[in-house]
Ligand code: GLU
């Protein structure tokens, strides 16, 4: 984060305050919901391939456990900070509450650029982190999952380290594993699928046609590229996509799957031969499109950029891509923003299904996973739009927080406080 960039933890707290204004909840109870219960900060010492010792700062924030075990991913990124991890763990609390799955929220991160290290080094870093996390994690306490730059490989290592040290089999200690290691059908696609379902429901709710709609997707990682091809399958035109190297544009639409195949081969979307034009990442965010899907990192659209946004609808696949300043500007401009804590909740929802399957040792078909996911997302969408209409809140993000905070507060008041 550069000095003048919004601090994601302060953004989270502002989002909670915005919603609290519409809730009849005591200030001291709201204050409790704005701070993590526990944050672990580590410096991992790891042997490097050249014989030197690497030092990696790592965090795990356990934000709130009123509704169930702490739940959330682990991100590997050079820009990871303590406040970023705290914010991401808080967003997990409200995300799990919006889709009504029995979890609290947590998040982890390691300050590392994985592209600078060998696979063996990344494995040792991951296993070292898992060993340090061992006293805190478990299928009933805190359950990690993938996030930016982590996936099945890292989750399998965490599971194996934990099970070896605990001398047990407990695949539900972590989700997002490969199928062979106890993962679920449909988990890889789940985040992009909930983004597509949210976009579909949003267009329907707003009376807009998805067939032929123009769509721009910022970020072409797991969430972005899957959201792109599933939205394309609804008949929309993916006119622009980007990654950290830049954006590609085609007026009549790109082939979302083909762009991904090209990126797999070359390492980036830039240079894609069937594009009409290429421009910097920021140019994508200000395109005049029907739907904009930010699917990269926090703070993609801030108060400076927001006045130039021309999209009609924004569906957030990333966590925290809009700052609170941007939110205010877009609300005033009647741009409809469907928030991250609904639109990317498919990932953690199918993590929940994976955890249920792990505990029952009984595995579902992909069809069943996708049906259950659709049910959760559509029902959460309906709760949110009902709140938007009945409580007269200014936008869908505030509606989502009103619904979510009320659920957490209800669990807290039913559980009672341990003095
Ligand atoms: N990292 C994902 C998220 O931000 C998934 C978390 C999970 O599956 O626990 O929602």
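Since every read-out is calculated from the coordinates, none of them should be taken as a lab result. Keep in mind the model is a prediction, meaning the values are calculated, not measured. Here the Cβ positions follow ideal geometry from the backbone for every residue, glycine too, while neighbour counts run over all protein chains shown.
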* To do: Quick one: work out the % antiparallel among DSSP beta bridges in the chain, nearest 5.
  => 50 percent
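Report the extension gain between residue 274 and residue 360 in nm, rounded to one decimal, defined as 0.36 nm multiplied by the number of residues separating them, less their alpha carbon distance. Spell out each step's value before the answer.
Numbers: separation 86, 0.36 × 86 = 30.96 nm, distance 4.75 nm.
My answer for the length gained is 26.2 nm.
So for segment 174-308: antiparallel DSSP bridges make up what percent, rounded to the nearest 5?
On the way: 7 of 16 bridges.
Around 45 percent of the beta bridges assigned by DSSP in segment 174-308 are antiparallel ones.
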* If each residue's Cβ is checked for other Cβ atoms within 10 Å, how do 225, 35, 77 rank with the fewest at the top? -> 35, 77, 225
* Report the extension gain between residue 178 and residue 163 in nm, rounded to one decimal, defined as 0.36 nm multiplied by the number of residues separating them, less their alpha carbon distance. => 3.8 nm
* Rounded to the nearest 0.05, what FRET efficiency do residue 385 and residue 41 have when you use their Cβ-Cβ distance and R0 = 35 Å? -> 0.30
* Could you let me know the centre-to-centre spacing of segment 135-179 and segment 35-104, using Cα atoms, in angstrom? => 14 Å
* Pulled fully out, how much extra length does the chain show between residue 153 and residue 34, if you take 0.36 nm times their separation in residues and subtract their Cα-Cα distance? -> 39.6 nm
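For the chain, what is the mean residue ellipticity at 222 nm derived from helices alone (per DSSP H run of n ≥ 4: -39500 (n - 2.57); sum divided by total residues; nearest 500 deg cm²/dmol)?
Values: 14 runs with 184 residues, N = 419.
Only helices count here, giving -14000 deg cm²/dmol.
Using a Förster radius of 25 Å, what is the FRET efficiency between residue 205 and residue 410 based on their Cβ-Cβ separation? Nearest 0.05, please. Numbers along the way, then the final one.
Values: r = 26 Å, r/R0 = 1.04.
My answer for the efficiency is 0.45.
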* State the Cα centre-to-centre distance between segment 343-419 and segment 224-280 in whole Å. => 31 Å
* Separation of the residue 234 and residue 24 label points, Cα + 7 Å toward Cβ, nm -> 3.6 nm
* Structure fact -> So the FRET efficiency between residue 251 and residue 332, C-beta based with R0 = 30 Å and rounded to 0.05, is 0.50
